[in-house]
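*Asks:* Can you read through this structure? Questions will come right after.
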Amino acid sequence: MSNDKHDDLTGFIINPTWIVPVIPKDIVLNNHSLVIRGDKILDLLPQAEAILKYPHWPVQKLPQHILIPGLINAHGHSAMSLLRGYADDLELMDWLNNHIWPIENALVDYDFVYDGTCLAIAEMISTGTTCVADSYFFPDAMARAYSDNGFRAQVSAPVIQFKNAWAESETDHIQKALATFDDFQHEPLINPAFAPHAPYTVSNKGFEQIRDEAERLDIPIHLHLHETAAEIELAIRETGIRPLQRIFELGLMSDKLQTVHMTQLNDQEIKIITDTQVHVAHCPDSNLKLASGFCPVSKLISSDVNVSVGTDSAASNNNLDMLSELRSAALLAKGVAKSALSVNAHQALAMGTINGAKMLGLEQHIGSLEVGKLADLAAVDLSAHNFQPIHNPLSQLIYSATGHQVTEVWINGQHLLQNKSQIKCLKLDIDRILANSQQWRNKIKP
Ligand SMILES: [Zn+2]
């Protein structure tokens, strides 16, 4: 079924076996209907009532499926999907200095970013992700790719001290970021943000400029922070203080700051994060792969810090599968806290949906299946033998499923993934994306 033909009056009904609305918390609804009209959720009610209230409306039956809010990837560098598997099994600074940054300087341009972002969009849609916080060079190419394909994104323009293919200097990055925000200000699916790369690659002056511009535009700041112990040691040697303290003293800590990784946190820093309402984007697979350390997720959650989950790039993961990432987040939280009670299945799904929406400032619009919110949805098929018997569909979703079981995805009420394999984006041609990826592979490693 396609909703392409719906008009202002008639929508469509989705009848899965289970619905997890995320809000209200901790519930799984059986045999309910989600009713969509236009780009929004119109109703959520028992299937028997929906038949009477909306007679003749088309019905999408999803037997043995669990319907959830579209997953929100809180941290990615989508274009780096073209570097998936390019440099693995290396420590962070070796990986960055000797492999990733040299190849980026040699090859990255507008086309690389557009093609890489399209490759990532195909993977995200096919695994149930409907929104991503993405940061990379050429954010104009990123924004164009998301807009062309009907995909929701926070497009975070990078700021970094050194010259690269996109910009000459810190100030040049900021000027180019502002121009990009202007160009895409009327795109409803694109939300702008600044992404100063990290404390070790941005000056105090750069952070102050970003702080002032972000305040003026009322947009978020997305920052890698306390990713490794080495980052802390370097900062103490060079500045005498830990990076988080420096960011605090520069006046950047607020509910507009999105911090990524946060594997090195003492109790005093957790108090600062709590008091200033800073958000944390936790990237468990990337932290494990680069041996960066462990984010104290349970401690943060018990302090009421908003923790969301991101994949980081496919070059340090090596996939963008949010269901796998939520499983890692739940398991790692239990291991780090030495408590099997840490991050249960409901909390894990909240981290991948409503918590991501809160971080992006979009919690009034996405992140849960509530009447009036935008229809960003994913349906996961639990009919296969490896999910049986289904004692608890949410446990099966978090602990047994991967993105491969996602069969349907809607963004803004548009049915973008149908029957698992048909990606119905406006401009996305999967054969062309694959051919472009192969061309880039040949350029990256001739
Ligand atoms: Zn990152």
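Nothing in this text is a laboratory measurement; each read-out follows from the coordinates by a stated rule. Everything numeric here is computed off the predicted structure, so don't read it as measured data. Positions of Cβ are generated from backbone atoms using ideal geometry, with glycine treated the same way; all protein chains shown enter the neighbour counts.
*Asks:* How many nm is it between the label spots at THR276 and ASP255, if each spot is 7 Å from the Cα in line with the beta carbon?
*Replies:* Rounded to a tenth, the inter-label distance reads 1.6 nm.
*Asks:* Please list the three semi-axes, largest first and in whole Å, of the ellipsoid equivalent to segment 71-360, using sqrt of 5 times the eigenvalues of its alpha carbon gyration tensor.
*Replies:* 25, 22, 19
*Asks:* If you rank HIS77, HIS224, HIS197 by fewest surrounding Cβ atoms within 10 Å, what's the result?
*Replies:* The order, fewest Cβ neighbours first, is HIS197, HIS224, HIS77.
*Asks:* Please give the net charge around ASN344, taking every other residue with its beta carbon less than 12 angstrom from that of ASN344, where Lys and Arg add +1 and Asp and Glu add -1.
*Replies:* After counting each charged neighbour, the total is +1.
*Asks:* Could I have the simple spin-label model distance between ALA340 and HIS385, label points 7 Å from Cα toward Cβ, reported in nm to one decimal?
*Replies:* Roughly 2.7 nm, to one decimal.
*Asks:* Taking the beta-carbon count within 10 Å as an exposure proxy, list SER421, SER316, SER302, SER78 from fewest neighbours to most.
*Replies:* So the ranking, lowest neighbour count to highest, is SER421, SER302, SER316, SER78.
*Asks:* Could you give the length gained by full extension between PHE162 and ILE23, i.e. 0.36 nm per residue of separation minus their alpha carbon distance, to one decimal place?
*Replies:* Once the chain is fully extended between PHE162 and ILE23, it gains 45.7 nm.
*Asks:* For a quick check, take a GNM of the chain with Cα springs below 10 Å and name the residue from SER81, SER342, SER126 with the largest mean-square fluctuation.
*Replies:* The residue that fluctuates most here is SER342.
*Asks:* How much space per residue, in cubic angstrom, does the convex hull of the C-alpha atoms of segment 365-446 take up?
*Replies:* 159
*Asks:* Another question, then. With labels modelled as points extended 7 Å from the Cα through the Cβ direction, what inter-label distance (nm, one decimal) is found for LEU434 paired with GLN422?
*Replies:* Label at LEU434, label at GLN422, 1.8 nm between them.
*Asks:* With +1 on each Lys and Arg Cβ and -1 on each Asp and Glu Cβ, and nothing else charged, work out how big the dipole of the chain is about its Cα centre, in Debye to the nearest 20.
*Replies:* 980
*Asks:* Additional query: What does the charge count near LEU34 come to, summing +1 for each Lys or Arg and -1 for each Asp or Glu among other residues with Cβ under 15 Å from its Cβ?
*Replies:* -1
*Asks:* Kirkwood hydrodynamic radius of segment 307-408 from all distinct Cα pairs, in Å?
*Replies:* Answer for segment 307-408: a Kirkwood hydrodynamic radius of 14.6 Å.
*Asks:* If you bin every alpha carbon distance in segment 293-349 into 5 Å steps from zero, what whole percent lands in each bin?
*Replies:* Per 5 Å bin, starting at zero, the Cα-Cα P(r) for segment 293-349 comes out as 4, 20, 30, 25, 14, 7, 1 percent.
*Asks:* If I stretch the segment between LEU288 and ASN319 completely, what's the gain in nm (0.36 nm per residue apart, minus their alpha carbon distance), one decimal?
*Replies:* That pair, LEU288 and ASN319, stretches by 9.8 nm at full extension.
*Asks:* Local charge sum around VAL278 (other residues, Cβ-Cβ under 11 Å, Lys/Arg +1, Asp/Glu -1)?
*Replies:* Overall, the nearby charge balance is -2.
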